1. In this structure, is Glu381 under 19 Å from the mean Cα position of the chain (by Cα), closer than 24 Å to Asn468 by Cβ and part of a helix (DSSP H, G or I)?
2. Give the residue, chosen from Pro156, Pro127, that is part of a loop (DSSP other than H, G, I, E, B) and modelled with pLDDT of 90 or more.
3. Determine if the range 217-232 includes at least one residue that is in a loop (DSSP other than H, G, I, E, B), within 26 Å of Gly590 (Cα to Cα) and either in contact with a Gly (Cβ under 7 Å, 6 or more places away or on another chain) or touching a residue at least 24 places away in the same chain (Cβ under 8 Å) (or both).
4. Name the single residue that is nearest to the chain's Cα centre (by Cα) among those in the range 348-357 being crowded, with 16+ Cβ neighbours inside 10 Å and under 25 Å from Ala477 (Cα atoms).
5. Give the residue that is surrounded by the fewest Cβ atoms within 10 Å (Cβ to Cβ), with candidates limited to residues of the range 384-399 that are of a type outside the set (Val, Ile, Thr) and part of a loop (DSSP other than H, G, I, E, B).
6. Filter the range 249-279 for residues that are of a type in the set (S, T, N, Q) and closer than 16 Å to Trp299 by Cα and give the result.
7. Residues in the range 33-40: is at least one out of contact with any Lys or Arg (no Cβ under 8 Å at 6 or more places or on another chain), at pLDDT below 85, in a loop (DSSP other than H, G, I, E, B) and among the hydrophobic types (A, V, I, L, M, F, W, C)?
8. Just give me the residues in the range 285-310 being under 30 Å from Ser206 (Cα atoms) and touching a residue at least 40 places away in the same chain (Cβ under 8 Å), in sequence order.
Amino acid sequence: MAETPDQLTLQIGTEQLQLTDLGLPKVQCSCPALDTCRHILLTGLWLRDLIVAPAELPPFPTFTLDDLIQWAGKKTVTDGINLFAQNPDVTISPTPLTVQFLSLNVTARFLSLDLAASICSCKARQPCDHRIAAILCHQAHQGNPIALPETLTPKPKPTQTEILPQIAQFLEEIVELGLCRLSEATRQRCLTLASAALDLPRLAKSLRSIATEIDLLLRRDAQADSANLLAQLARTYALTDALATNPHPDLIGQHRSQYDNIGRLELIGLAAYHWQTSSKYAGFTLLFWDNLAKSWNSWSDIRPLAQGFRPEYRYSQPMPWSGLPIPNAAMGKRLQLQETHRNPQRRLSSSLKTQALILGEVDLQAIDFGNMMFDHWESLENHIKQHQFIGLRIANPLDSMVILEPTIWGKCQFDAVNQQLLWPIFDRTASPLFLRVPYHPEDEHRIQALEKLTNPEGRIIARIDRINQQLFAYPIALLTHQVLNLGMPQQQTTVPAAVLGESTDDEVLEPELENFPTSELALHHHIRSLLDLTQSQAERGTQQPPDSAQCKRLIAIFETAGIPSVATILQQLDSHHNQASLLLRLNYLGQLITQ
């Protein structure tokens with residue numbers, strides 16, 4: 001062994017290693033190995049036991065944009081800025097600085113205060129976009145964000161915003177005409193504008209959804225609802241205005257979700273369910289649990305109903321991944337996926353390159369679900385408030401998936417009046433939460449499975465919905481010693497015995513709103529009145545004046561409640577030349593306050 005001020009030479013067997021102040025990532029070994037060799041690994045283990053870490057490490061330095069460009073080059077820095085602009089979901093550990101990109105399954109580590117002494121799990125030999133984005137995320141988290149010049153930030157194409165005034169005018173014209181006076185020509189124009197907004201994928205998708213809602217109204221379909229159409233119009237109008245003001249990449253959207261190769265991933269198969277959209281598409285979804293990241297992953301198969309697709313029977317049909325014959329084979333099993341592709345919403349790709357290896361059974365009661373499992377419904381309420389989408393934020397369906405662990409099950413009843421199954425479950429404080437399954441043809445198997453359950457116990461995988469300020473749980477699967485997917489046909493519905501709570505009578509237990517503060521209930525009632533006002537006026541069209549008495553009453557209410565933005569628009573409603581624009585803005589504000 002030899003030592004100089006700048007270098008340490010070690011003898012490992014017959015080979016020599018040269019270690020500088022850049023640390024192990026830049027160590028050189030005399031053996032012919034092209035990558036990290038066993039001599040370097042042995043050196044690292046030896047140094048780990050030999051070196052005593054200082055009591056307090058110096059803080060990680062602050063870098064400028066020029067520092068990053070000098071280290072990684074302009075192209076890599078630009079790629080890192082683009083990744084940072086996507087607002088990736090990261091976890092940051094300070095000592096040593098470690099930034100984990102959860103959706104990409106990539107971890108960047110900075111082993112010393114020098115950028116050169118950094119490694120990334122993407123295995124890039126040169127500086128990569130992940131390490132650049134990690135520095136940007138860290139400094140933004142520390143309150144010292146790096147100033148990014150406009151030349152390096154992603155810009156939309158100039159042609160993208162030219163169509164926005166036409167779309168805004170079209171949305172206003174729908175309200176001016178009246179939702180009850182729409183025609184096939186309106187639907188066709190909506191589809192034409194969606195095609196013209198090709199460079200604005202999210203806006204184009206919203207316009208196609210509006211066309212679908214108009215089609216339901218024209219066909220007098222049972223699912224047609226003018227309130228839903230007005231809500232869609234208001235959100236699309238807000239999106240159009242936001243794009244004209246600040247065309248952020250999240251607002252522009254993507255034509256197809258980008259799937260990144262995240263390499264190897266270990267998951268647990270926990271649930272399967274099927275669903276249907278108002279645009280006549282059906283889907284089948286598998287839910288997987290990532291025990292390392294403590295998060296959900298999903299895989300879906302979506303097809304038009306016109307093709308005769310029966311999603312409930314997709315449960316026993318072949319999977320695209322080699323090594324996993326059918327979806328049912330993944331339930332309650334630990335899987336290792338290789339060549340895994342996943343998008344930022346944690347949806348797994350159907351790539352034929354992905355290979356699955358079934359590692360064995362899992363004790364479902366021993367899985368650590370972290371902060372996704374709840375036995376206290378007040379904590380569940382706080383969780384949903386933190387993760388619900390607000391305004392134009394893109395909703396991720398996995399954010400509403402949770403694990404419920406009830407203490408007592410009440411009595412299951414089918415509400416024939418509202419056509420829904422209600423089943424109260426109680427937490428450790430005896431507070432109720434209702435499992436709710438509204439009757440739809442695609443939920444027939446789910447309702448039958450729940451009604452056949454005898455003495456249920458175990459954990460529930462559920463989707464949480466908020467209806468009129470009340471939380472309801474839509475049950476997807478029951479976890480006992482096995483996985484019971486409630487929506488799948490021909491499944492065993494008897495589970496181990498448990499204490500079954502008894503109802504006081506045979507009537508359906510109705511959800512109560514008594515736990516909500518009086519002020520919150522009153523505000524919800526006034527918002528409902530505001531939305532009803534905008535709906536009734538939009539249905540009639542703007543040729544007729546609004547209800548002035550109702551407007552004055554709501555103006556006084558919202559001024560007293562400290563929401564002057566709503567009161568100001570209501571004051572202008574009777575005299576403004578563009579009443580349709582104000583109605584759309586009012587409806588959107590009502591949706592925001594409700595959220």
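1. It is true that Glu381 is under 19 Å from the mean Cα position of the chain (by Cα), closer than 24 Å to Asn468 by Cβ and part of a helix (DSSP H, G or I).
2. Pro127
3. yes
4. Going through the qualifying residues, I end up with Leu348.
5. Ranking the qualifying residues of the range 384-399, first place goes to Arg393.
6. If the condition is that a residue be of a type in the set (S, T, N, Q) and closer than 16 Å to Trp299 by Cα, then Ser257, Gln258, Asn261, Gln276 are the ones that fit.
7. Taking every residue of the range 33-40 in turn, at least one turns out to be out of contact with any Lys or Arg (no Cβ under 8 Å at 6 or more places or on another chain), at pLDDT below 85, in a loop (DSSP other than H, G, I, E, B) and among the hydrophobic types (A, V, I, L, M, F, W, C).
8. Leu286, Leu287, Phe288, Ser295, Trp296, Asn297, Ser298, Trp299, Ser300, Asp301
The values are calculated or read from the model by the stated rules, or taken from the named source; none is laboratory data. Model, not experiment: these values are computed from the prediction. Using ideal geometry, Cβ is built from the backbone for each residue, glycine included, and neighbour counts are taken over all protein chains shown.
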